[in-house]
Number of protein chains: 2
Amino acid sequence: MADAKAQKRQKFESIFPILRDELLGYLKQEGMPEDAITWFQRNLDYNVTGGKLNRGMSVVDSVEILKGRKLTDDEYFKAALLGWGVEFLQAYYLVSDDMMDQSITRRGQPCWYRVEGVNLLAINDAYLLEGSIYYLLKKHFRSEPYYVYLLDVFHDTTFQTDIGQLIDLITAPEDNVDLNKFSLDKHQKIVIFKTAYYSFYLPVALAMYMCGIPHSSTNDPYELAQKILVPLGEYFQVQDDFLDFAAPPEVLGKVGTDIIDNKCSWCVNTALEVATPAQRKVLDENYGVKDKAAEARVKALYEEIGIRERYAEYEEGAYKRIIGLIETIPTEGADVGAGDVKLKREVFKVFLDKIYKRQK
Amino acid sequence: MADAKAQKRQKFESIFPILRDELLGYLKQEGMPEDAITWFQRNLDYNVTGGKLNRGMSVVDSVEILKGRKLTDDEYFKAALLGWGVEFLQAYYLVSDDMMDQSITRRGQPCWYRVEGVNLLAINDAYLLEGSIYYLLKKHFRSEPYYVYLLDVFHDTTFQTDIGQLIDLITAPEDNVDLNKFSLDKHQKIVIFKTAYYSFYLPVALAMYMCGIPHSSTNDPYELAQKILVPLGEYFQVQDDFLDFAAPPEVLGKVGTDIIDNKCSWCVNTALEVATPAQRKVLDENYGVKDKAAEARVKALYEEIGIRERYAEYEEGAYKRIIGLIETIPTEGADVGAGDVKLKREVFKVFLDKIYKRQK
Ligand SMILES: [Mg+2]
Ligand SMILES: [Mg+2]
Ligand SMILES: [Mg+2]
Ligand SMILES: [Mg+2]
Ligand SMILES: [Mg+2]
Ligand SMILES: [Mg+2]
């Protein structure tokens, strides 16, 4: 089982060097100087690989489920390319997010902007990561009837993610704590825009387009997918926020820093919702303060308000709601008009199963 | 004459608030918090407007020339929207370029990242400026047969510009002067990729698509346009480099800083090409040094090698070469296959006439 998983990952990873070499090949063909080509390669290797690759691999998984069979080599390559497109987009955001958050490490190594000699050039490197997506899409999908839909969905989710980042950045600046700006409502907007669209809707929509599922003016399957995947992404992020507080670091694989970093987390927003004036004072005085004792006081308050039970309740509710949404798809697959491929419950179920009650 | 020009500009400018309000409308419709909407509006107003608008207005001019008549209101709006698309793209680059160059002012006001409270958030603001282009294109051009070509040409030129920026950034870092990295060859690559594609080819290609000029496998009109506009853009940038050194500040409207900023300018590359070992030593010791006396020594050396005559010679050569390229278009307009609209010499001539022997 673990072997199959590692193999799957390895196969997906084996596509990356091909894509990277196509990108570098373009620069070579245009006669770019050697040092520019080397720089771009380092940017690609450093920032696109090394993550969990869940988003990218979920494109391949979804195509397989939708087609209901093993993919041909050509189909696999195309699905993986779309998956890597999501990973490039993720890299575009991580490089800049780490700069804006002034983070220190990412994926167990220094953030790209902190690498010797990079600094603010990281901005242009992020631009190149995004530009790479459209270069690769054009090269491999230009003649497909769904090409323009691929571009649209990348654009739409990119703009949504930008907007999510904007709200997050002005709501929770690290150097200016103001809990009056927080609310569960704002938290929901942030996580949907900043995370859910690109991490959950985008991979599935790409898979659906590649399988030739058409849009429809009534019961559009893409709208249906979005209606399921956006709450799923929201649930994922709430869980992420909760685990940052609750999971033991040795299980989580990192030490949570949301409290110290003044993050607009589900935990603090839930606490704010139920805090007595005395508890609110504790939050105002200790949240976002760069001090372990202050963090401990916030954590104690979370326990005091029963955050664990509240989360367990949230998780059950979210799970049931999402199952309910998934079950609006007919067991035979959604009727999606002219296409041969039907939208299937399983696409969404595998996502949900991966997330439900995860510990890390 | 000056009045007609001002009127033309005013008409073009009158489209911006419409586009801005459509973008803000999207955020409102999605229920975004008030402070995020205000922030986005300030970003748009501060960074997209206030420039010379030459790139944007040249889309409208080109559409008018290609159609050979006054535009209807709807045509004008669409051409202007595409023109503003180029201006948004320009803003995307200026915001980040100013950060990477650590510039102080832009268009007579502090660079965006230096505005109180902005700082590194400017990165995400730049992302939003780029995302705005695709939001607007989708809203207004989605059903046009040439929509996908608009997306492709924006993507292509964006990636080219990113690559140009990369070479520029690693060839001429402000804090590490190394003239061995410079050459006229590299200068040419930088200016073509960093400037020519987005400033010259992009506006004309957008106009051509809007006029329905089709691609062709033989004598593709877009390739022809690129063959003229890329050298034109190169000439424009060489001139820009020369004027930075040679134009009186009261004419240029700013004080040139290329020497002090270690810019990979046509002037220094020309000097390097002909410098004796003694002259090379002067350049090595004084170029990119933050000191007025060092700058004066470089300027004296430029005069010594006869940079003015060399530039005059370059300009005559470039002018003649470009005229020659323009004249490969038949006087009746290029035969462009199935379309009704023909590519016309005048599209390129108005560009050339605006640039030839300009003083500022
Ligand atoms: Mg971060
Ligand atoms: Mg962040
Ligand atoms: Mg987290
Ligand atoms: Mg600059
Ligand atoms: Mg620069
Ligand atoms: Mg200049």
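Residues in the stretch A:120-130 that are open to solvent by less than 10 Å² (accessible area, probe 1.4 Å) and either more than 9 Å from chain B (Cβ to nearest Cβ) or not acidic (Asp, Glu) (or both): A:Ala122, A:Ile123, A:Asn124, A:Ala126, A:Tyr127, A:Leu128, A:Leu129. Looking only at residues of the stretch B:181-201 that are farther than 30 Å from B:Ala275 by Cα and within 14 Å of chain A (Cβ to nearest Cβ), we find that the one that is farthest from the chain's Cα centre (by Cα) is B:Tyr197. Scanning the stretch A:143-159 for residues that are open to solvent by 20 Å² or more (accessible area, probe 1.4 Å) and more than 7 Å from chain B (Cβ to nearest Cβ), we see that the one that is nearest to A:Asp261 (Cα to Cα) is A:Asp156.
Tally up the residues in the stretch B:85-137 that are at positive phi and more than 16 Å from ligand 5 (Cβ to nearest atom), please. Number satisfying all stated conditions: 3.
Looking across the stretch B:162-180 at every residue that is more than 15 Å from B:Ala271 (Cβ to Cβ) and more than 7 Å from every other protein chain (Cβ to nearest Cβ), the one that is nearest to ligand 5 (Cβ to nearest atom) is identified as B:Asp168.
Contact annotation: residue pairs with Cβ atoms under 6 Å, 6 or more positions apart or on different chains, pairing a residue in the stretch B:5-18 that is closer than 14 Å to B:Gly83 by Cα with a partner that is assigned to a helix (DSSP H, G or I) and open to solvent by less than 70 Å² (accessible area, probe 1.4 Å), are B:Phe12/B:Met57; B:Phe12/B:Ala80; B:Ile15/B:Ala80.
If the condition is being more than 24 Å from the chain's Cα centre (by Cα) and either open to solvent by 70 Å² or more (accessible area, probe 1.4 Å) or within 9 Å of chain B (Cβ to nearest Cβ) (or both), then the stretch A:105-119 contributes A:Glu116, A:Gly117, A:Asn119. Quick one: would you say B:Leu81 is touching a His at 6+ places or on another chain (Cβ under 7 Å) and under 26 Å from A:Thr157 (Cβ atoms)? Yes, satisfied.
Taken over the stretch A:91-104, the criterion of being buried (at least 18 other Cβ atoms within 10 Å of the Cβ) and either away from ligand 3 (no atom under 16 Å from the Cβ) or without any contact (Cβ under 8 Å) to a residue 24 or more places away in the chain (or both) is satisfied by A:Ala91, A:Tyr92, A:Val95, A:Ser96, A:Asp98, A:Met99. Can you work out which of the residues in the stretch A:22-33 that are in contact with a helix residue (DSSP H, G or I) (Cβ under 9 Å, 6 or more places away or on another chain) and part of a helix (DSSP H, G or I) is surrounded by the most Cβ atoms within 10 Å (Cβ to Cβ)? Among those residues, the one meeting the criterion is A:Leu23. Would you tally the residues in the stretch B:42-66 being out of contact with any helix residue (DSSP H, G or I) (no Cβ under 6 Å at 6 or more places or on another chain) and within 14 Å of another protein chain (Cβ to nearest Cβ)? Of the residues in that region, 1 qualify. Every test in (1) of a type in the set (Phe, Trp, Tyr); (2) more than 19 Å from A:Ser14 (Cα to Cα); (3) open to solvent by less than 20 Å² (accessible area, probe 1.4 Å) is passed by A:Phe88 save one, and that test is (2).
When restricted to residues that are part of a loop (DSSP other than H, G, I, E, B) and either within 16 Å of ligand 6 (Cβ to nearest atom) or not small (Gly, Ala, Ser) (or both), the stretch A:160-195 contains 7.
Is there a residue being more than 23 Å from B:Asp185 (Cβ to Cβ) and crowded, with 17+ Cβ neighbours inside 10 Å anywhere in the stretch B:306-316? Checked the stretch B:306-316: no residue is more than 23 Å from B:Asp185 (Cβ to Cβ) and crowded, with 17+ Cβ neighbours inside 10 Å. When the stretch B:217-240 is filtered for residues that are closer than 17 Å to B:Lys299 by Cα and open to solvent by 10 Å² or more (accessible area, probe 1.4 Å), only B:Asp240 remains. Does the stretch A:274-282 contain any residue that is within 29 Å of the chain's Cα centre (by Cα), surrounded by 18 or more Cβ atoms within 10 Å (Cβ to Cβ) and in contact (Cβ under 8 Å) with a residue 24 or more places away in the chain? Taking every residue of the stretch A:274-282 in turn, none turns out to be within 29 Å of the chain's Cα centre (by Cα), surrounded by 18 or more Cβ atoms within 10 Å (Cβ to Cβ) and in contact (Cβ under 8 Å) with a residue 24 or more places away in the chain.
When the stretch A:132-180 is limited to residues that are more than 29 Å from B:Pro33 (Cβ to Cβ) and of a type in the set (S, T, N, Q), the one that is farthest from the chain's Cα centre (by Cα) turns out to be A:Ser143. Looking at the structure I just gave you, is B:Gly256 at negative phi and in contact with a Lys or Arg (Cβ under 7 Å, 6 or more places away or on another chain)? When the stated conditions are applied, B:Gly256 does not pass them. Within the option set B:Tyr46, B:Tyr76, B:Tyr93, being closer than 21 Å to B:Phe236 by Cβ and part of a helix (DSSP H, G or I) holds for one residue only, B:Tyr93.
From the list A:Asp98, A:Asp61, which residue is part of a helix (DSSP H, G or I), within 16 Å of ligand 2 (Cβ to nearest atom), out of contact with any Leu (no Cβ under 9 Å at 6 or more places or on another chain) and of a type in the set (D, E, K, R)?
Unique residue meeting the criteria: A:Asp98.
Could you list, in sequence order, all residues of the stretch B:241-267 that are out of contact with any Leu (no Cβ under 7 Å at 6 or more places or on another chain), aliphatic (A, V, I, L, M) and open to solvent by less than 50 Å² (accessible area, probe 1.4 Å)? Those that are out of contact with any Leu (no Cβ under 7 Å at 6 or more places or on another chain), aliphatic (A, V, I, L, M) and open to solvent by less than 50 Å² (accessible area, probe 1.4 Å): B:Ala246, B:Ala247, B:Ile259, B:Ile260. Residues that are farther than 18 Å from B:Ala126 by Cβ and among the aliphatic types (A, V, I, L, M) do occur in the stretch A:107-120. Listed by first and then second residue, the pairs with beta-carbon distance under 8 Å, at least 6 apart or on different chains, first residue in the stretch B:225-252 and assigned by TED's automatic domain parsing to the domain that holds B:Thr161 and free of Cβ contacts under 8 Å to residues at least 40 places away in the same chain, second open to solvent by 30 Å² or more (accessible area, probe 1.4 Å) and assigned to a helix (DSSP H, G or I), are B:Asp244/B:Leu252. Looking only at residues of the stretch B:1-21 that are of a type in the set (A, V, I, L, M, F, W, C) and in a helix (DSSP H, G or I), we find that the one that is nearest to B:Asp98 (Cα to Cα) is B:Phe16.
The values are calculated or read from the model by the stated rules, or taken from the named source; none is laboratory data. The model shown is predicted, which means the values in this text are computed figures rather than measured ones. Glycine gets a Cβ as well: all are built from the backbone with ideal geometry, and neighbour counts include every protein chain shown. Keep in mind that these areas ignore ligands, DNA and RNA; they rest on the heavy atoms of the full protein, side chains included. Shrake-Rupley method; radii C 1.70, N 1.55, O 1.52, S 1.80 Å.
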